[in-house]
Amino acid sequence: MSIAADPFTSEAEIVTGPPEPTGRRPRVRGRWLPATYLTVPMLTLVVLFLVPMLILLLISLGMGVGRAHSLWSVDAYTTLLTDPLYRHVAITTVVIATSAMVVQLLVGVPLAYIMAFKAGRFEVPLLLGLVVLDELNPVVRVYAWRMLLGRNGIINGALEALGIIDQPIDALLFNQYAVIVVLSTGWITYTVIPLYAAMKAIDRNLFQAAADLGAGWWTIMRRVLLPLAAPGIFVAVLLVYIPLFTDFAAPTLVGGTSGYMLGQAVNDLILEQGDLASGAALSFVLLVCSGLVAALAFRLARINRLET
Amino acid sequence: MTSRSRIGDVLALTLLSVVMIVLVGPIILLAVFSFNDSSIIALPFQGFTWDWYQRALADPDVRDALRNSVVLAAVVAPLCVVLGTASAWGITRFRFRGRGAWSGLLGAPLIVPWLVIGVSGLMFFAYLRVQLSLLTVGAMHIAVTFPLVTALVASRLVRFERSQEEAAVDLGASQLQLMTRVVLPQLAPALAASLIFAFAWSFNNFEISFFNGGYQQTFPVWVYAVLRRSDNLPIVNAISTLVSALQVAAVYLLWLLIRWIGKKRGSADNLTNLVAGGLR
């Protein structure tokens with residue numbers, strides 16, 4: 001678990017072990033040394049990450065851009081939070097993102113288990129395969145699914161050719177299920193690799209010990225594997241669940257009207273309607289939500305670590 | 001016990017096969033239909049052709065988009081490796097005031113969704129009245145990509161035996177010598193991986209390129225625009241197949257390189273550690 005609120009401290013301290021009496025290692029010769037390494041990266045983040053976030057917040061509160069005058073108000077937020085249309089879109093988004101996350105965990109936990117303990121010489125090829133999949137372009141992968149599922153797509157074509165159906169099935173594409181499939185396959189690498197990493201750290205002998213003590217297969221999975229793999233589950237949720245909420249290429253390309261998600265709403269507000277304040281407000285709400293999910297995941301991870 | 005473990009093996013094999021088909025199948029079909037001699041992508045297969053590849057490579061929009069993406073990633077990736085490695089070193093090897101806050105700031109772009117970062121960039125540049133172009137995309141790519149390199153490199157740094165570093169300092173090595181003679185050679189596999197991954201992250205980035213590119217399209221933005229305008233275009237199949245093949249080759253070569261370095265040094269720096277190490 002190195003990705004934490006302070007992603008680089010926790011592990012550094014665990015690995016270095018008890019602090020040396022002399023303190024710093026390696027010896028620091030000048031107070032300026034950290035600054036030589038950190039000034040440019042930190043300036044980059046302040047200018048290109050923090051300041052834009054601040055401007056996003058100010059614009060959502062009515063700051064004028066270009067020639068427009070500033071009209072400070074929280075109208076953009078009240079509209080968002082009270083409009084039933086946005087509530088509907090928000091519910092769709094939560095349903096789709098949660099389903100995709102659950103699907104990925106249901107597939108990912110057994111897959112990671114197989115990779116870590118059962119795959120033998122196929123372990124590295126499987127890992128390499130997952131990495132390669134992630135290096136492929138995500139928009140191209142969405143397109144591949146659309147090609148399969150469309151009205152004139154390959155699945156319909158194949159079923160018709162086999163005489164199973166007379167009319168192409170329209171229900172394959174442009175609905176929530178298509179979005180869930182596309183999102184689940186698109187993010188699976190980031191779900192499986194943390195799970196795999198957590199399981200890889202488990203001492204295999206624990207399974208044998210549990211079995212020798214009379215635990216059945218299910219008990220071993222539930223009482224030994226899952227608690228020890230839990231940190232990996234939280235990392236997976238952190239890395240995948242948050243971006244699922246804001247995805248907008250997948251729902252735009254395969255979601256149709258019933259799969260309309262918040263990410264698309266941000267895009268439409270800003271680029272179609274030119275309503276910068278509302279678009280910024282919705283982005284900021286998404287930012288706050290992702291912060292909450294992250295905080296929750298960290299909290300759960302910490303509680304879990306104390307228990308196991 | 002044996003019959004039970006056999007059932008387990010069968011289940012494992014079934015799961016693996018289904019997952020492979022679902023994950024890889026669409027990409028394979030994408031490639032197969034790039035050779036189909038028909039303007040609509042549907043069965044039955046009409047015969048083999050290279051035509052779509054020729055048309056794709058002759059298309060000015062495709063060429064522009066590919067050139068933009070390659071130039072962008074080629075500039076962004078090395079800068080990200082430098083910034084990411086420097087910040088990883090600074091944050092893992094020194095104790096100083098505000099270290100927690102700075103490492104929090106380094107971690108934040110990994111958690112904030114790219115859509116929000118893309119939109120914030122759009123607003124930022126609109127506020128400053130900066131014309132959107134490849135430059136603005138590149139700036140935002142650097143800001144979101146180098147913290148990923150930091151995470152990757154930092155996860156290696158915290159695992160290093162520090163005795164060599166200490167010995168180098170005790171023997172009077174300067175910071176520059178410490179870096180070039182001791183630290184960077186040991187980091188080589190992680191740096192190679194970071195370079196390839198940073199290139200891919202920039203090349204594949206859709207949200208940030210989409211919001212900050214203005215009229216200059218990168219490859220993913222071009223694919224998205226074509227898909228929104230019209231239905232299945234075999235040209236997209238052709239060029240996507242080509243790009244995907246190169247991406248697969250890049251990762252494979254990286255793996256060979258890491259294995260080669262590992263063998264030469266007899267170190268345990270393998271792919272598993274590199275990819276999974278940062279998340280453990």
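Each value in this text was obtained by applying a stated rule to the coordinates, not by laboratory testing. Everything numeric here is computed off the predicted structure, so don't read it as measured data. With ideal geometry, Cβ positions are generated from the backbone for all residues, glycine too; neighbour counts draw on all protein chains shown.
Could you let me know the centre-to-centre spacing of segment A:181-203 and segment A:97-144, using Cα atoms, in angstrom?
Value for the Cα centre distance between the two parts: 6 Å.
Taking each residue in A:109-117, count the Cβ atoms of any other chain within 10 Å of its Cβ, then average. What number comes out?
3
Based on the Cβ-Cβ distance from B:V32 to B:K264, what FRET efficiency comes out when R0 is 51 Å, to the nearest 0.05?
The calculated FRET efficiency here is 0.85.
Which order do peptides A:162-170, A:271-279, B:160-168, A:49-57 fall in by mean Cβ count within 10 Å, highest first?
A:49-57, A:271-279, B:160-168, A:162-170
Evaluate peptide A:232-245: per residue, the Cβ atoms of other protein chains within 10 Å of its Cβ; return the mean as an integer.
Partner-chain Cβ atoms within 10 Å, mean over residues of A:232-245: 2.
What average number of partner chain Cβ atoms lie no more than 10 Å from the Cβ of the residues making up B:222-228?
So the per-residue partner count for this stretch is 5.
How would you order B:93-101, B:183-191 from highest to lowest mean count of nearby Cβ atoms within 10 Å?
Ranking the peptides B:93-101, B:183-191 by packing returns B:183-191, B:93-101.
Between segment B:96-166 and segment A:266-287, what is the C-alpha centre distance in whole Å?
The two parts, judged by their Cα centres, are 23 Å apart.
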